[in-house]
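**Q** Mind having a look at this structure? Questions to follow.
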Amino acid sequence: MGPSNHIVRILWCRKRARARPSHRSLLGYDVESEWEITDLGTPTKIVGIELTISADAISISSSSYINSILAKEGLEQCNAVSTPLDPHVILVLKPEPEGNIGDRSNAYARLLGELQYIANATPPYIAYAVNRLASYTANPSLQHTTALKRVLRYLNGTKSHCITYKALPDKVDFFTGYADAAYANADEGWSTTGYVFLAGDGAITWSLKKQISTALSSTQAEYVALSEASHEACWLRNLYTELGLLKEDMPTTIKGDNDGSIALARNPQFHKRTKHIEVRWHWIRELVQEGTINVESCRDPDQTADILTKALHGTKHAKHVQEMGLAPA
């Protein structure tokens, strides 16, 4: 029950989750009058995601699915590593023979697809590794296969980790975002956007992808990342406002670590050095001016989204994993 005494109903294929059994007469009557339904009690798994629900927290994980992948690959007893990718290893694109378009149905692609589901569903800490290794799907080399196996070794050491969302005191900023960019990767020269939004001390949504246009500077790449994160922020604002959890006049904070991009977002004036930036990315200026988005500076050590744009050393990687609400169950 929300603050305005409305009911939130969650439905999915063939099954239904109920907020609380005590609301059966409110939540179930109209449905039961039309269809036969079964009350399965408190949910413990939804579309493969495991749930642990207590009075003041909800935790989600994919430990069973990870165990099944490790068993299928014969790596249940493998030695764990501290990071999904080795930051000291430079991945190299394997040249394809002339006339060969590659085979995207190989075992490498199959395993990568399984890991992609994990990265999208629960633990974002492998998202960058999976995204990076996906670039070599058509023609993977031994180096790429070894790097993919390393991701499994990392998961073997962190499979008990779950994202925990805590019941916190009411806050003005119900959720907060972090946006980062990696300027011009080694293979294609395209920059990568990464952002993550946190609520209840846990990551609620995250994304990383190649930018659709070539950035001419790190400032431009970071500016594009802020703009793309603002799209997600607006969607979240609409959702939480509809649920009665957010006041429309309260801005959402997005934290970036590039002073130049933050200045561009805050200043609607024309800049000679940025006239080449496409108009679509300037939408964030309007959001800042109207008070929907608040852009703040966040130094690199505290930039949580950094884990989505590059391979990090163990200590820094572990710090950002903890900031996203991930910890052993």
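**Q** Hey, any hits in region 245-254 for a residue that's modelled with pLDDT under 90, among the hydrophobic types (A, V, I, L, M, F, W, C) and under 22 Å from Asp306 (Cα atoms)? First the steps, then the outcome.
**A** The first filter runs over region 245-254 and keeps only residues modelled with pLDDT under 90, leaving 245-250.
Those left that are additionally among the hydrophobic types (A, V, I, L, M, F, W, C): 245-246, 250.
Next, only the ones that are under 22 Å from Asp306 (Cα atoms) stay: none.
Checking region 245-254: not a single residue is modelled with pLDDT under 90, among the hydrophobic types (A, V, I, L, M, F, W, C) and under 22 Å from Asp306 (Cα atoms).
**Q** Specify the residue that is modelled with the lowest pLDDT; the eligible residues are those in region 255-280 that are over 23 Å from the mean Cα position of the chain (by Cα) and either among the acidic types (Asp, Glu) or not assigned by TED's automatic domain parsing to the domain that holds Thr193 (or both).
**A** Top of the filtered list is Glu278.
**Q** Quick one: Asn131 ticks every box in (1) in contact with a strand residue (DSSP E or B) (Cβ under 9 Å, 6 or more places away or on another chain); (2) at pLDDT below 95; (3) not assigned by TED's automatic domain parsing to the domain that holds Gln77 except a single one, so which number is it?
**A** Result: Asn131 fails condition (3) only.
**Q** For a quick check of your reading of the model, give me the residue pairs whose first member lies in region 65-94 and is closer than 21 Å to Lys319 by Cα and in contact (Cβ under 8 Å) with a residue 12 or more places away in the chain, whose second is of a type in the set (Lys, Arg) and exposed (fewer than 14 other Cβ atoms within 10 Å of the Cβ), with beta-carbon atoms closer than 7 Å and at least 6 apart or on different chains.
**A** none
**Q** Considering only region 179-219, how many residues are out of contact with any helix residue (DSSP H, G or I) (no Cβ under 6 Å at 6 or more places or on another chain), more than 19 Å from Ile163 (Cα to Cα) and either assigned by TED's automatic domain parsing to the domain that holds Tyr125 or without any contact (Cβ under 8 Å) to a residue 60 or more places away in the chain (or both)?
**A** Within region 179-219, residues that are out of contact with any helix residue (DSSP H, G or I) (no Cβ under 6 Å at 6 or more places or on another chain), more than 19 Å from Ile163 (Cα to Cα) and either assigned by TED's automatic domain parsing to the domain that holds Tyr125 or without any contact (Cβ under 8 Å) to a residue 60 or more places away in the chain (or both) number 10.
**Q** For Leu216, indicate whether it is of a type in the set (A, V, I, L, M, F, W, C) and in contact with a Leu (Cβ under 9 Å, 6 or more places away or on another chain).
**A** Details: of a type in the set (A, V, I, L, M, F, W, C): yes; in contact with a Leu (Cβ under 9 Å, 6 or more places away or on another chain): no.
Taking the combined requirement at face value, the residue does not satisfy it.
**Q** Separate question: Looking at Thr304 and the list (1) of a type in the set (Ser, Thr, Tyr); (2) over 17 Å from the mean Cα position of the chain (by Cα); (3) under 30 Å from Ser63 (Cβ atoms), which single condition is not satisfied?
**A** Single failed check for Thr304: (2).
**Q** For region 148-206, which strands (runs of 3 or more DSSP E) that fit wholly inside it have 3 or more residues that are surrounded by fewer than 21 Cβ atoms within 10 Å (Cβ to Cβ)?
**A** 161-166
**Q** Moving to a separate point now. Condition first: of a type outside the set (D, E, K, R) and touching a Pro at 6+ places or on another chain (Cβ under 9 Å). Can you find one or more residues in region 221-239 that meet it?
**A** First, the residues of region 221-239 that are of a type outside the set (D, E, K, R): 221, 223-227, 229-231, 233-236, 238-239.
Subsequent filtering for residues that are touching a Pro at 6+ places or on another chain (Cβ under 9 Å) retains none.
Looking through region 221-239, none of the residues is of a type outside the set (D, E, K, R) and touching a Pro at 6+ places or on another chain (Cβ under 9 Å).
**Q** Still on this structure, I have one more. For region 281-302, state whether one or more residues are at pLDDT below 90, surrounded by 12 or more Cβ atoms within 10 Å (Cβ to Cβ) and outside any helix (DSSP H, G or I).
**A** The answer is no; no qualifying residue exists.
**Q** With the requirement that a residue be β-branched (Val, Ile, Thr) and in contact (Cβ under 8 Å) with a residue 12 or more places away in the chain, what does region 233-254 give you? I'd like the intermediate steps shown before the answer.
**A** Pass one, region 233-254, residues β-branched (Val, Ile, Thr): 241, 252-254.
Thr252, Thr253, Ile254, listed by residue number.
**Q** Here is a check on your reading of the model: is Gln220 surrounded by fewer than 22 Cβ atoms within 10 Å (Cβ to Cβ) and in a helix (DSSP H, G or I)?
**A** On the way: surrounded by fewer than 22 Cβ atoms within 10 Å (Cβ to Cβ): no; in a helix (DSSP H, G or I): yes.
So Gln220 does not fit the description; no.
The values are calculated or read from the model by the stated rules, or taken from the named source; none is laboratory data. Everything numeric in this text was worked out from a predicted model, so none of it was measured. Counting neighbours? That spans all protein chains shown, and the Cβs are built from the backbone with ideal geometry, glycine included.
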